Amino acid sequence: GFEDTLTYTLTVTATGNLNQTNVKVTDYVPGYDPARPTSGKTTYVKGSAACVGAGTCTVTEPGGDHLITWKLGEMAAGTTRQVTFKVTVDDVEGDPGETVAVDILNAGAVQSDRTPKTPSNQVITPVTKVFPVKAAKPPKVLPHTGAMAEPGQLAAGAVTLIGLGLLLLAGSRRRQRGAHRA
């Protein structure tokens, strides 16, 4: 639902026979990617952008451009690295009885000195909220105040480069905020 935390993990693989130098992964905070204007808005969790495991890692937190950058240095042919970050899903306003449904859309990109910028697959997280109707006297059964769409099957596809380069695969998982407040 809204206010849930989404954790995105981007997996970079040096797919060819050559080492990749100056590998850089970039990802917009979902909701601020110019290529995905229909996405629901999210708020970046400060300090959450990081690299998984050992290796060179320089993180640039998102500024006014909402762009996160991970500089991974050199990656040997055939190796894999992961980067991660967290956001919370921005809450929405609505009228009693209204159902608001949005998709949080995210895709990262990777590039190196050898390989031009290559996008990852897009991850879609559906989020739904039903606004409660205030009854004159409380009903015997409390109305369900928060509806939660089950996370759809996360896209497992990825963009492959023919013969050379880098592959970036995006995935996410969701942690619910807990009880919805009426």
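Numbers below:
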| item | result |
| --- | --- |
| Residue within segment 95-105 that is more than 19 Å from the chain's Cα centre (by Cα), over 13 Å from Pro30 (Cβ atoms), in a strand (DSSP E or B) and not charged (D, E, K, R) present | yes |
| In segment 82-99, residue least open to solvent (accessible area, probe 1.4 Å) [restricted to those that are charged (D, E, K, R) and modelled with pLDDT of 95 or more] | Asp90 |
| Yes/no for Val25 being within 20 Å of the chain's Cα centre (by Cα) and under 17 Å from Thr115 (Cα atoms) | yes |
| Candidate set: segment 29-65, residues that are out of contact with any Lys or Arg (no Cβ under 9 Å at 6 or more places or on another chain) and part of a strand (DSSP E or B); chosen: the one least open to solvent (accessible area, probe 1.4 Å) | Thr42 |
| Any hit, segment 109-120, residues being at pLDDT 50 or above, out of contact with any Pro (no Cβ under 6 Å at 6 or more places or on another chain) and more than 24 Å from Asp27 (Cα to Cα) | no |
| Matching residues in segment 10-28 - criterion: being surrounded by 16 or more Cβ atoms within 10 Å (Cβ to Cβ) and on the phi > 0 side of the Ramachandran plot | none |
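The values are calculated or read from the model by the stated rules, or taken from the named source; none is laboratory data. Remember, it's a predicted structure, so these values are computed and weren't measured experimentally. A quick note on method: Cβ atoms are made from the backbone with ideal geometry, for glycine too, and the neighbour counts reach across all protein chains shown. Accessible surface is based on the protein model in full, side chains and every heavy atom, while ligands, DNA and RNA are left aside. Shrake-Rupley method; radii C 1.70, N 1.55, O 1.52, S 1.80 Å.
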